[in-house]
1. Given (1) out of contact with any strand residue (DSSP E or B) (no Cβ under 8 Å at 6 or more places or on another chain); (2) exposed (fewer than 15 other Cβ atoms within 10 Å of the Cβ); (3) touching a residue at least 12 places away in the same chain (Cβ under 8 Å), where does Gly316 come up short, assuming only one miss?
2. Look at Leu247 and say whether it is more than 13 Å from ligand 1 (Cβ to nearest atom), within 17 Å of the chain's Cα centre (by Cα) and either crowded, with 21+ Cβ neighbours inside 10 Å or without any contact (Cβ under 8 Å) to a residue 24 or more places away in the chain (or both).
3. Would you check if Leu228 is within 18 Å of Arg194 (Cβ to Cβ), assigned to a strand (DSSP E or B), within 16 Å of ligand 2 (Cβ to nearest atom) and of a type in the set (A, V, I, L, M)?
4. Being in contact with a Ser or Thr (Cβ under 7 Å, 6 or more places away or on another chain) and more than 8 Å from ligand 1 (Cβ to nearest atom) is the filter here, so list the residues in the range 139-149 that pass it.
5. How many residues does the range 131-142 contain that are surrounded by 21 or more Cβ atoms within 10 Å (Cβ to Cβ) and hydrophobic (A, V, I, L, M, F, W, C)?
6. Being under 25 Å from Ser106 (Cβ atoms) and within 12 Å of the chain's Cα centre (by Cα) is the filter here, so list the residues in the range 124-151 that pass it.
7. So which of Asn204, Asn222, Asn190 ends up being more than 16 Å from ligand 1 (Cβ to nearest atom) and among the polar types (S, T, N, Q)?
8. If I ask for residues that are touching a helix residue (DSSP H, G or I) at 6+ places or on another chain (Cβ under 7 Å) and under 23 Å from Glu74 (Cβ atoms), which ones from the range 229-239 would you list?
Amino acid sequence: MRNRWNEPLGSEITSKTVWRQRRQLLSAGALLGLGLTGATRPGFASANTPESSDLRLDATLNPTFSVMDALTPERVVTGYNNFYEFGTSKSDPARYASAMQTDPWSVRVEGEVLKPKTFALEDLLKLSGMQERIYRLRCVEGWSMVIPWIGYPLSDLLKQVEPTGNAKYVEFVTDMQPKAMPGLKSRILNWPYREGLRLDEAMNPLTLLTFGLYGEVLPNQNGAPVRLVVPWKYGFKSAKSIVTIRLTEKQPVSSWEEVAPHEYGFYANVNPEVSHPRWSQARERRLGNDSVFGPSPRATLMFNGYADQVASLYSGLDLRKNY
Ligand SMILES: Nc1nc2c(c(=O)[nH]1)N[C@H]1C(S)=C(S)[C@@H](COP(=O)(O)O)O[C@H]1N2
Ligand SMILES: [Mo]
């Protein structure tokens, strides 16, 4: 019996090869410039039409911030998601998220800043150069993926609004669209979905404000039109479909921390030595790459393998207490 995520090696290689060829095409088309090509408005449709040009988002590969791991096939990245606004099943986001309205879209950046501002999506897309970065993303549930994201460092945005001396934290808030998001009826979280980082974590060059993946604008199920990606933390820190970014003096309470503080802390750094109360975090399974049968085959790395870049942020902090 074959599971849809248990793909033979051949198709894994095919998926990568096709992507590399497509990336070459993209750089050959670099005269079109950065940003969206082919359409006047970004068409944030589903990724089921990967070749249509209005979904394309051009970017330059940043090898310094990319890992060499085998990529997770695109259909897994866009078909197996956590986006509880659309339901708790992994297939719910791909099934329902196309109803989410992403045009027009704007992001309010406010709080402890000298220049609060509402950024239209069009302006956000032009604010800095688009980079492609191949990051590992590890879910707290024990699976992981390797995804070619497109975006730019969150710090490029935060510098524009000039954080005050009081700004110590950054809070991220997801949009609420009751008609499109059946999950909002469930009490699993207190909506809207909120996440937070310390300001120095938010300013770290790894922290990516993300608009696309696999050479295209984000599919809705992956957090269109703009989401966070924080690769050294468990996946739930990477808030999707962001409408507000708020700089604060006090540590914000994230949604998961609010409903289950003993299970999900504010930091949520990937840490194989600190177990979730109900399961170990020592090992993981790469979706689309590892067999779905048997025990998780890979050892999880401290800070998800990004220790060189981020361990210094936590010197002197007890990572058992600050999980
Ligand atoms: N708004 C919102 N953001 C969210 C979630 C969510 O339920 N709602 N799930 C998180 C979790 S648990 C993970 S693992 C990642 C999954 O991102 P992906 O679907 O792009 O792989 O999104 C995170 N961001
Ligand atoms: Mo997750």
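1. (3)
2. Judged against the criteria, Leu247 is not a match.
3. The answer is yes for Leu228.
4. Of everything in the range 139-149, those that are in contact with a Ser or Thr (Cβ under 7 Å, 6 or more places away or on another chain) and more than 8 Å from ligand 1 (Cβ to nearest atom) turn out to be Gly142, Val146, Trp149.
5. 1
6. Arg133, Trp149, Ile150, Gly151
7. Asn204
8. Narrowing the range 229-239 to residues touching a helix residue (DSSP H, G or I) at 6+ places or on another chain (Cβ under 7 Å): 230-232, 236.
Answer for the range 229-239, where residues must be touching a helix residue (DSSP H, G or I) at 6+ places or on another chain (Cβ under 7 Å) and under 23 Å from Glu74 (Cβ atoms): Val230, Pro231, Phe236.
The values are calculated or read from the model by the stated rules, or taken from the named source; none is laboratory data. Keep in mind that what you see is a predicted model, and the values were worked out from it rather than measured. Note: ideal-geometry Cβ built from the backbone for every residue, glycine included; neighbour counts use all protein chains shown.
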